[in-house]
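Since the structure comes first, as structure tokens, the remarks are kept for the end.
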Amino acid sequence: MKVFIVIEFLYRDIISEKWVIVDWKTGKESAEDRNQLALYALYLKKKFKAPLEKIEIRNESLLTSKCRTYSLTDFDLDTVNERVQLSCLEMGKYLIDEEENIPVGIEYFPRTSYEKKCIKSNFLEMCNS
Ligand code: SF4
């Protein structure tokens, strides 16, 4: 399954020979920030054969003006890879035909009972129609 990612900024520091991935955050820090960057690092490793020790991942917070740099291990990449695989499997349960991208019936997608979520939902218009 093809996974699409959108890296905000990536450059190669030719002095340190490091690949640097930068992601700007407008909101609060979350545990997911590191996982998101780990996914980008996995892409670099697979696509460009970039050695993990030469990949630097960084969050720049626009809210606090702080920068956080993470170092990753093979375990981190294995974990994020596994999460992607599990997520694909979960999504696959909602398809009758994966090749044609045909979903199961609408009855398998119940509305949330926590309606506060709906305000920010990308599917609000579709859901209310
Ligand atoms: S609007 Fe979004 S969050 Fe609310 S029920 Fe529909 S899909 Fe779920």
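The values are calculated or read from the model by the stated rules, or taken from the named source; none is laboratory data. Bear in mind the structure is a predicted one, so any value in this text is a computation, not a measurement. Methodologically, a virtual Cβ is constructed for each residue, glycine included, from the backbone with ideal geometry; neighbour enumeration extends over all protein chains shown.
Which residues, counting only those in region 96-123, are part of a helix (DSSP H, G or I) and either over 23 Å from the mean Cα position of the chain (by Cα) or in contact (Cβ under 8 Å) with a residue 40 or more places away in the chain (or both)?
106, 107, 108, 115, 116
Determine if region 94-105 includes at least one residue that is within 13 Å of the ligand (Cβ to nearest atom) and more than 29 Å from residue 39 (Cα to Cα).
no
Looking at this structure, is residue 91 in a helix (DSSP H, G or I), of a type in the set (A, V, I, L, M) and within 8 Å of the ligand (Cβ to nearest atom)?
Here the answer is no, as residue 91 does not meet what is asked.
Looking at 102, 96, 21 in this structure, which one is closer than 21 Å to residue 4 by Cα and surrounded by 10 or more Cβ atoms within 10 Å (Cβ to Cβ)?
21
Which of the residues spanning region 106-129 are within 7 Å of the ligand (Cβ to nearest atom), farther than 21 Å from residue 90 by Cβ and among the charged types (D, E, K, R)?
115
Please determine, by comparing only the residues of region 50-84 that are acidic (Asp, Glu) and closer than 19 Å to residue 30 by Cα, which one is surrounded by the fewest Cβ atoms within 10 Å (Cβ to Cβ).
Out of the qualifying residues, it is 60.
Going residue by residue through region 42-55, is there one that turns out to be among the hydroxyl-bearing types (Ser, Thr, Tyr) and in contact (Cβ under 8 Å) with a residue 12 or more places away in the chain?
Taking every residue of region 42-55 in turn, at least one turns out to be among the hydroxyl-bearing types (Ser, Thr, Tyr) and in contact (Cβ under 8 Å) with a residue 12 or more places away in the chain.
Residues that are under 18 Å from residue 3 (Cα atoms), of a type in the set (Phe, Trp, Tyr), more than 16 Å from the ligand (Cβ to nearest atom) and in a helix (DSSP H, G or I): does region 26-43 have at least one?
yes
Within region 32-42, identify whether any single residue is modelled with pLDDT under 95, of a type outside the set (Gly, Ala, Ser) and more than 13 Å from the chain's Cα centre (by Cα), and answer yes or no.
no
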